[in-house]
Amino acid sequence: MARVKLCYALRRGVFYPSARDEFGEMPPRAERRRYLPLVKEIGFDAVEVGVDEAADEHTARELAREVQDYGLVIGAVRAGGGLAHPLSSSRAGQKLERAIRYAGWTGASIVNTALVAPPTHPDGPGAGRQGEQVSQGGSRTSSEQDFVLTADRLRSAGRVAGDLDVSIAIEVHQGSIADNSTATLHLLDLVGLRNVGANPDLGNIYWHYEYPDETAETAIVALAPRAVYWHCKNLQRLHIPELRRSFFQRVPLPDGDLDYRFAIAAMLDAGYDGYLAVEGAREGDALSKDRRGAEYAQRVLAELGAERMLPISAVG
């Protein structure tokens with residue numbers, strides 16, 4: 001049985017003495033000589049990086065070599081943007097193409113893309129795309145033509161990625177055309193390529209609306225067979241009925257409302273052997289919080305792996 005490896009989808013790169021906090025970016029190079037050994041020691045095998053739109057092939061390969069010096073690899077490159085939006089699709093498509101090239105240069109096996117378009121009414125209901133009754137850009141208000149156009153552009157990108165032995169992961173994401181399992185599977189069926197699959201981010205389904213579209217258990221069972229990458233984060237939900245809203249607090253993987261023991265079991269049962277990416281904390285001592293997530297994931301993987309090796313009579 002292939003081993004599921006851990007990828008660090010870091011979100012906070014503040015690391016003394018650097019106070020730089022750019023979403024999803026590692027600390028500056030001067031600090032990475034102390035930072036990357038800690039990431040490796042926690043138990044991560046790979047890191048997720050954003051696409052550096054200014055980087056050339058030499059710069060990209062240099063970063064890959066630096067990461068490898070500490071026993072890690074670049075596992076995934078992050079793109080994003082709505083591919084059917086009339087104003088943002090061109091830029092999003094270009095970003096996806098750059099991410100594919102960047103993945104090829106760095107040896108990353110995954111390009112992750114969240115198909116989130118700009119809000120139609122930036123100050124209106126649903127613009128925040130978390131915890132409200134409505135959400136701008138979600139599948140509920142998308143037309144079939146939106147799905148077809150998005151699929152056409154993903155298919156073109158997927159063919160380019162396939163030539164580089166790269167897979168594209170469509171992140172299930174709030175405020176996007178792929179915001180639940182039904183919409184994501186429909187989009188994947190339209191694309192029709194083996195190297196374009198899902199990133200079943202359960203946290204994004206959970207905090208999208210006041211009440212989630214579906215349970216995490218329903219979503220993961222449906223999406224696990226099509227998964228090529230997996231963001232894992234956990235949340236605690238506070239529902240305020242008088243406001244008809246829900247609010248959410250990010251917490252380490254073992255502490256939230258989502259049952260990742262069930263989710264990991266479903267992924268293993270579907271034969272998943274890609275990265276389990278711990279999506280990092282945005283506040284506080286991120287490395288310590290994310291260590292708890294990584295250790296929890298490793299423990300559950302080990303326990304479930306051992307259980308799968310037992311005779312059915314021993315676990316029945």
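The values are calculated or read from the model by the stated rules, or taken from the named source; none is laboratory data. Bear in mind the structure is a predicted one, so any value in this text is a computation, not a measurement. No Cβ is skipped: glycine too gets one built from the backbone with ideal geometry, and neighbour counts run over all protein chains shown. Just the protein is used for accessible areas: all its heavy atoms, side chains included, with ligands, DNA and RNA removed. Shrake-Rupley method; radii C 1.70, N 1.55, O 1.52, S 1.80 Å.
Details
- Subset tally (residues that are among the charged types (D, E, K, R) and open to solvent by less than 10 Å² (accessible area, probe 1.4 Å)) for the range 44-68: 1
- Some residue of the range 187-199 being buried (at least 24 other Cβ atoms within 10 Å of the Cβ), closer than 24 Å to G293 by Cβ and touching a helix residue (DSSP H, G or I) at 6+ places or on another chain (Cβ under 7 Å): yes
- Check on E62, acidic (D, E) and in a helix (DSSP H, G or I): yes
- Scanning the range 9-38 for residues that are of a type outside the set (D, E, K, R), under 24 Å from the mean Cα position of the chain (by Cα) and in a loop (DSSP other than H, G, I, E, B) gives L10, G13, V14, F23, G24, M26, P27, P28.
- Count - residues of the range 198-227 that are over 19 Å from V278 (Cα atoms) and within 11 Å of the chain's Cα centre (by Cα): 0
- Screening Y70 on (1) free of Cβ contacts under 8 Å to residues at least 12 places away in the same chain; (2) over 30 Å from L149 (Cβ atoms); (3) part of a loop (DSSP other than H, G, I, E, B) shows it passes everything except condition (1).
- Subset of the range 277-306 (residues that are without any contact (Cβ under 8 Å) to a residue 40 or more places away in the chain, assigned to a helix (DSSP H, G or I) and farther than 15 Å from A263 by Cα): S288, K289, A306
- Against the list (1) within 15 Å of the chain's Cα centre (by Cα); (2) under 21 Å from A265 (Cβ atoms), the condition H173 fails is (2).
- Looking across the range 129-155, the residues that are out of contact with any Lys or Arg (no Cβ under 8 Å at 6 or more places or on another chain), surrounded by 15 or more Cβ atoms within 10 Å (Cβ to Cβ) and not basic (K, R) come down to Q130, S139, S142, D146, F147, L149, T150, A151, L154.
- Among the residues of the range 250-264, those that are more than 17 Å from S181 (Cβ to Cβ), open to solvent by 20 Å² or more (accessible area, probe 1.4 Å) and in a helix (DSSP H, G or I) comprise P254, D255, R261.
- In the range 237-249, residue surrounded by the most Cβ atoms within 10 Å (Cβ to Cβ) [restricted to those that are out of contact with any Phe, Trp or Tyr (no Cβ under 7 Å at 6 or more places or on another chain) and under 18 Å from T215 (Cβ atoms)]: S246
- All positions within the range 85-108 that are at pLDDT 95 or above, part of a loop (DSSP other than H, G, I, E, B) and either farther than 26 Å from L63 by Cα or open to solvent by 50 Å² or more (accessible area, probe 1.4 Å) (or both): G107
- When K233 is tested against (1) open to solvent by less than 10 Å² (accessible area, probe 1.4 Å); (2) among the basic types (K, R); (3) without any contact (Cβ under 8 Å) to a residue 24 or more places away in the chain, just one condition goes unmet, and that condition is (3).
- Selection status of E41, out of contact with any strand residue (DSSP E or B) (no Cβ under 8 Å at 6 or more places or on another chain), surrounded by fewer than 17 Cβ atoms within 10 Å (Cβ to Cβ) and closer than 16 Å to V77 by Cβ: no
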